[in-house]
Amino acid sequence: MLHRYLQRLRFATKTNMVKKTICVSYCTANDHYSHILNVSSEDDIKQFIIANTDIVRRNNLTPEISLRLFTPNSKFWHAKPELWPFTDPYWAIYWPGGQALARYLLNNPEVARGRKVLDLGCGCGASAIAAEITGAVYVLANDVDPVAAIATKLNCELNGLESLPTETENLIGTEPKGWDLILLGDMFYEEVLIDSLHTWLRSCIQAHGTQVLIGDPGRAHLESHVIRRHLRLLANFQLPESIREENFGLSNSCVWSYQPEL
């Protein structure tokens with residue numbers, strides 16, 4: 001399944017490659033397939049994730065962190081998309097922006113230490129885990145996909161951590177809370193979403209002086225958006241060869257500080 005959409009990207013240019021291209025065709029009749037596979041409770045979903053992912057510990061920017069992900073050995077890497085029982089499995093891929101962000105936190109533990117941290121669109125939870133490892137006082141992993149929240153809990157356990165608090169409400173546009181640090185890894189793949197993030201993140205900074213860090217490998221929607229003028233480069237990481245091959249044409253991933261005019 002995943003293999004088919006990754007192969008499709010061989011014909012995409014670097015500037016047109018966005019992560020939605022990979023996953024957009026995964027949506028299926030979720031209730032129907034969930035019933036067939038009998039995955040209704042959180043424990044059922046945990047067991048389903050364990051059975052259909054591999055533990056990945058290397059060939060990425062953060063070998064210190066273990067994650068359950070899709071690999072070519074996974075059943076759903078090659079299976080027909082209609083067999084997938086949930087919504088798009090963004091959480092099953094360790095996106096280059098998320099890798100850079102987690103690497104930056106591990107390299108600079110003072111960034112999250114003693115702070116209240118929100119990992120927005122957490123996916124597999126790697127950035128949240130990195131924040132927890134480096135001493136954040138509180139970390140909330142937020143993703144609108146409930147399966148991503150469960151995958152994040154599994155990945156916490158895999159790394160010897162207590163399960164982090166998770167939230168599946170869409171927080172974008174809500175009343176800003178007192179976050180010291182907001183993390184966004186590979187979230188800038190749709191123009192409408194970037195517009196919403198630009199407005200909401202600015203309000204978080206205005207209300208609470210929140211620091212906002214963005215991990216992104218140079219996706220076209222971010223590079224062409226007005227928000228790009230408000231980003232200051234903090235780090236640039238060269239991606240491992242295997243990650244370059246999976247992301248056809250992307251060789252580096254950067255961490256940016258979002259500093260809008262207030």
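Things worth noting here:
- q = 0.12, 0.18, 0.21, 0.29 Å⁻¹: log10 I(q)/I(0) that the Debye formula gives for the stretch 170-238, counting C-alpha atoms only: -0.30, -0.69, -0.93, -1.52
- With a simple spin-label model that places each label point 7 Å from the Cα along the Cα-to-Cβ direction, the separation between D43 and S203 comes to 4.1 nm.
- In a fully extended conformation the segment linking K80 and S196 would gain 38.4 nm over its present Cα-Cα distance, using 0.36 nm per residue.
- Working value for the stretch 41-258: equivalent-ellipsoid semi-axes of 25, 20, 18 Å, each the square root of 5 times a Cα gyration tensor eigenvalue, largest first.
- Shown for the stretch 41-258: the carbon plus sulfur share of the solvent-accessible area, taken with all protein chains present and a 1.4 angstrom probe, equals 47%.
- Taking the Cα centre of the stretch 41-258 as reference, the dipole from Cβ charges on Lys and Arg (+1) and Asp and Glu (-1) amounts to some 620 debye.
- Bridge orientation summary for the stretch 41-258: considering DSSP beta bridges with both residues in this region, about 45 percent are antiparallel.
- Derived scalar couplings ³J(HN,Hα) [the stretch 160-170; Karplus, 6.51 cos²θ - 1.76 cosθ + 1.60; whole Hz; x for Gly, Pro]: x, 10, 5, 4, 6, x, 10, 9, 9, 6, 6
- Under 5 Å from the amide H of G218 lie the amide H atoms of C254, each residue being 5 or more positions distant or on a separate chain, with H modelled from the backbone and absent for Pro and chain starts.
- When peptides 74-84, 184-194 are ranked by their average number of other Cβ atoms within 10 Å per residue, the highest-first order is 184-194, 74-84.
The values are calculated or read from the model by the stated rules, or taken from the named source; none is laboratory data. Keep in mind that this is a model prediction, so the values were computed, not measured. Quick reminder, even Gly has a Cβ in these numbers, built from the backbone with ideal geometry, and neighbours come from all protein chains shown. All accessible areas refer to the heavy atoms of the entire protein, side chains included, with ligands and DNA or RNA removed. Shrake-Rupley method; radii C 1.70, N 1.55, O 1.52, S 1.80 Å.
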